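Q: Just dropping this structure here.
The values are calculated or read from the model by the stated rules, or taken from the named source; none is laboratory data. Remember, it's a predicted structure, so these values are computed and weren't measured experimentally. Reconstructed Cβ throughout: ideal geometry from the backbone, glycine too, with neighbour counts over all protein chains shown. Keep in mind that these areas ignore ligands, DNA and RNA; they rest on the heavy atoms of the full protein, side chains included. Shrake-Rupley method; radii C 1.70, N 1.55, O 1.52, S 1.80 Å.
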Number of protein chains: 2
Amino acid sequence: MEASDERPIGGASRERAVLEAIERRRRRRPRMTEERITLAHGSGGRATQALIEGLFLPELTNPLLDPLADHALFQAPEKVGPRLALSTDAFVVKPLFFPGGDIGELAVNGTVNDLAMAGARPLYLSAAFILEEGFPAADVRRVAASMAAAARRAGVAVAAADTKVVERGKADGLYVTTAGVAIVETELDLSPAAIRPGDRIVVSGTLADHGMAIMIARGELELEAEVESDTAPLHDLVRTLLSATDAVRCLRDPTRGGLATIMNELALGAEVAIVLDEAALPVKPQVLGACEILGIDPLYVANEGKLAAVVAPEAAEVAVAVLRSHPLGRDAAVVGEVRATPQGIVLLETAFGGTRVVETLVGDPLPRIC
Amino acid sequence: MEASDERPIGGASRERAVLEAIERRRRRRPRMTEERITLAHGSGGRATQALIEGLFLPELTNPLLDPLADHALFQAPEKVGPRLALSTDAFVVKPLFFPGGDIGELAVNGTVNDLAMAGARPLYLSAAFILEEGFPAADVRRVAASMAAAARRAGVAVAAADTKVVERGKADGLYVTTAGVAIVETELDLSPAAIRPGDRIVVSGTLADHGMAIMIARGELELEAEVESDTAPLHDLVRTLLSATDAVRCLRDPTRGGLATIMNELALGAEVAIVLDEAALPVKPQVLGACEILGIDPLYVANEGKLAAVVAPEAAEVAVAVLRSHPLGRDAAVVGEVRATPQGIVLLETAFGGTRVVETLVGDPLPRIC
């Protein structure tokens, strides 16, 4: 993976390296320079940022979209009724069926989770299918049944749907896009702006399960580890956490681009530094083994049933305990902390006592992971 | 087009033919019998119904989705705040750019219109893009700019977005799925259940413009008529109509499958007959000419900027006058009426004094029209 500048650094050279990283970032301020779309534009990493911030955002700019959160918050114009949240994701995962889930379950959980990160309880989903001519009807049914089961589990209804068909060779079996509306059930403003130096970074469980499950399921690798996707709806875990403490600053689900990319977004958005502790990162042994064999850093691998929470320092222990009390948070851990400087930078303190800069993902070693 | 049983009928043979049509419909009660997806499953016609009612609905069934309207109506759980509407559509139109519009404008207007048919004012849209590797960035920008312009025109913001990239040969340039949330601004229950015998069918303008513009733009035909898509946002036209009369029973936008398919849905949903007057159907001369050359019935061709309204008989004249006062309704006309029997059947009184049954579209002569 080309994602990170893998240089152990310390002392004066460490400071210089960090300053260089800031300068590199400034130079690389997302701009869409390529003339054609590449797979990297779908990675969730720097190319995706360039596409979104350099191309879509200048056109579509508005106060709800501009924060580039995974959801938009709004209220009916007369300011009556509760705050609502809106979110959407397209799902193009390959293969469609994989250990631990399938595209239908992923499509429900993915949008439920984007909404849950706003502290919102999902009410209704929409689903739009693009089907490839010749795709087996039995597989459409299997995906629909899986969506229905996932929706029941998450307590939402698929309230609106649409289906289009394209010619053979103009899709890859089935793509599905979900959107969701949710009711915001917290008074908290869960945004990067709430993050403060000293805050702790908590993750709800093991990292990289989904991405590695997909990689292995593709069968392109000489690797047969037993790794299952972690796809799961996180709204109840979020509800449990927020009912135990109001010292939660911000919530994100580290999907495409992994924890590294999410942490970079928060560090940039809050103008703080985030320091992760490599030894504290929970990763299943078989996932770590697969990552090592493939030379992939689990920090960059997608999760589909995990959240990262930034919490006030005094609430970190409670947050971990509460998360661990929930079936979806058993492996929760404090994995890092927020510092005032260097602003906009994510650092990793490695198990060997070094420190390195954790960059946003560059390129896309794992296309079509969700 | 195989869509209709083109048999002029009258008197006793007419009655028999109608009874046969009812029996055929009963036998053909939507069931998904094909083992593989065909282009016809994307037509909006009978195969689409079979896919949706025979496959998706049994899995995803719930009170909001079951009516199979173009939108779902809901209110926040505490019943505070206004009624809201949710809708989604995937757009796979080919070509992406065509006379009168492009996929971006279509994607905004399409969802705005689905919501407008609930008497709802669109508030926020989401947009999810599936991009094909190698697609020109300039064309992405053009689509984004077009969506932004359409959103401004419709008074909505694209509040949430997502982008995925798939390999070359796994898409066709760009697909986009929009979803929308709207606030319902009418007390009326605009549903087929409100339709009564004697009601009139009003359309807001000329039929078949969008579908024929796409057909011609593909350049596969030896035909060079000047036909532009009618893509337009209809929420303001709906607002104008509903503020002039509360005798509107039901609104639909006749997109895929055309007016014929929408009328069949209403006739079935309301358990009434609908009789259309061929001589009253507004169709531009060049569109009619193109349809005749291609042997296509304009009743089955998609519209993207027209509505069909069912109105009480005493309100028909007012409705037409009000629609004509609006730039998007200048060619509005009464085109038919509702009768008690034969239930579930749409009839066309032809210009030559005959009557034929207008069936739901079968097959898909116009794939990827939206």
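Q: Calculate the mean, over all residues of peptide B:115-128, of how many other protein chain Cβ atoms lie within 10 angstrom of the residue's Cβ.
A: Counting Cβ atoms of other protein chains within 10 Å of each residue's Cβ and averaging gives 4.
Q: Suppose we compare each residue of segment B:151-167 in its chain alone and in the full protein complex with a 1.4 Å probe; which ones drop by at least 10 Å² of accessible area?
A: Flagged in segment B:151-167: B:157, B:158, B:159, B:160, B:161, B:162, B:163, B:164, B:165, B:166, B:167.
Q: Which whole number gives the average count of other chain Cβ atoms within 10 Å of the Cβ atoms across peptide B:57-68?
A: What the average comes to for B:57-68 is 5.
Q: Continuing with the same structure: Hey, any idea what Rg/Rh is for segment A:121-240, computing Rh the Kirkwood way over Cα pairs?
A: Value, to two decimals: 1.04.
Q: For chain B, what is the percent of antiparallel DSSP beta bridges, rounded to the nearest 5?
A: If we restrict to bridges inside chain B, about 75 percent are antiparallel.
Q: Summed for both chains, how many Å² of accessible area, to the nearest 100, are buried between A and B with a 1.4 Å probe?
A: That pair of chains buries around 7100 Å² in total.
Q: Give me the Kirkwood hydrodynamic radius of segment B:69-184, using the inverse of the mean 1/r over all pairs of distinct Cα atoms, in Å to one decimal.
A: Result for segment B:69-184, one decimal place: 14.6 Å.
Q: Of the accessible area of segment B:176-306, with the probe set at 1.4 angstrom, what percent is carbon plus sulfur?
A: 44 percent
Q: What average count of beta carbons from other chains do you get within 10 Å of the Cβ of residues in A:179-186?
A: Partner Cβ neighbours, averaged per residue: 4.
Q: Based on DSSP, what percent of beta bridges with both residues in segment A:69-184 are antiparallel, to the nearest 5?
A: Expressed as a percentage, antiparallel bridges in segment A:69-184 total about 75.
Q: Please report, in Å, the Rg and the Dmax of the protein assembly as shown, where both are computed over Cα atoms only.
A: That works out to 26.9, 99 Å for Rg and Dmax.
Q: Counting heavy atoms of the protein chains only and a 1.4 Å probe, report the per residue accessible area for segment B:259-370 as a whole number of Å².
A: 35 Å²
Q: Ok, one more. Which three lengths, in whole Å and largest first, does segment B:236-350 cover when its Cα atoms are put on their principal axes?
A: Each principal axis gives a Cα extent; for segment B:236-350 these are 41, 35, 22 Å.
Q: Right, next: What whole-number distance in Å separates the alpha-carbon centres of segment B:161-213 and segment B:40-104?
A: 8 Å
Q: Ignoring ligands, DNA and RNA, please state the percent of accessible area on segment B:24-149 from carbon and sulfur, probe 1.4 Å.
A: 51 percent
Q: What does the C-alpha gyration tensor say about the overall shape of segment A:294-370? Classify as rounded when a/c is under 1.5, otherwise prolate if a/b is larger than b/c, or oblate.
A: Because a/c hits 1.5 or more and a/b fails to exceed b/c, segment A:294-370 counts as oblate.
Q: Counting only protein heavy atoms, probe 1.4 Å: which residues of segment A:321-370 lose 30 Å² or more of accessible surface in the full assembly compared with their chain by itself?
A: So the qualifying set is A:368.
Q: Apply the Kirkwood formula to segment A:193-278: the hydrodynamic radius equals the inverse of the mean of 1/r over all pairs of different alpha-carbon atoms; give it in Å with one decimal.
A: Computed over segment A:193-278, the radius equals 15.1 Å.
Q: Then there's this: For residue A:321, place a label point 7 Å from Cα along the Cα-to-Cβ direction in every copy; what are the distances to the other copies, in nm, shortest first?
A: 7.5
Q: What is the Rg over Rh value, at two decimals, for chain B, using alpha-carbon atoms and the Kirkwood definition of Rh?
A: Across chain B, the Cα-based Rg/Rh ratio is 0.95.
Q: Name the nearest-to-axis residue of chain A, judged by Cβ distance to the rotation axis taking chain A onto chain B, and quote that distance in whole Å.
A: Minimum Cβ distance to the axis, with residue: A:81, 1.
Q: Tell me the distances, shortest first, between residue A:277 and the same position across the other copies, using label points 7 Å along Cα→Cβ, in nm to one decimal.
A: 8.1
Q: For segment A:69-184, give the magnitude of the charge dipole about the Cα centre (Cβ charges: +1 Lys/Arg, -1 Asp/Glu; no others), in debye to the nearest 20.
A: 300 debye
Q: What do you get for Rg/Rh of segment A:56-112 when both radii come from the Cα atoms and Rh is the Kirkwood radius?
A: Ratio of gyration radius to Kirkwood radius for segment A:56-112: 1.12.
Q: Here's something else I'd like to know. So, for segment A:69-184, what is the accessible surface per residue at a probe of 1.4 Å, expressed in square angstrom?
A: Per-residue value: 25 Å².
Q: A follow-up question, please. Just how much of residue B:153 is accessible, in Å², when a 1.4 Å probe is used and the result is rounded to the nearest 10?
A: 140 Å²
Q: Right, here's the next one. Roughly how many nanometres apart are two label points built 7 Å out from the Cα toward the Cβ at residue A:340 and residue B:331?
A: Rounded to a tenth, the inter-label distance reads 6.9 nm.
Q: Taking only the alpha-carbon positions of segment A:94-157 and ignoring solvent, what does the Debye formula give for the base-10 log of I(q)/I(0) at q = 0.14, 0.18 Å⁻¹?
A: Treating every Cα as an identical point scatterer, log10 I(q)/I(0) equals -0.42, -0.67.
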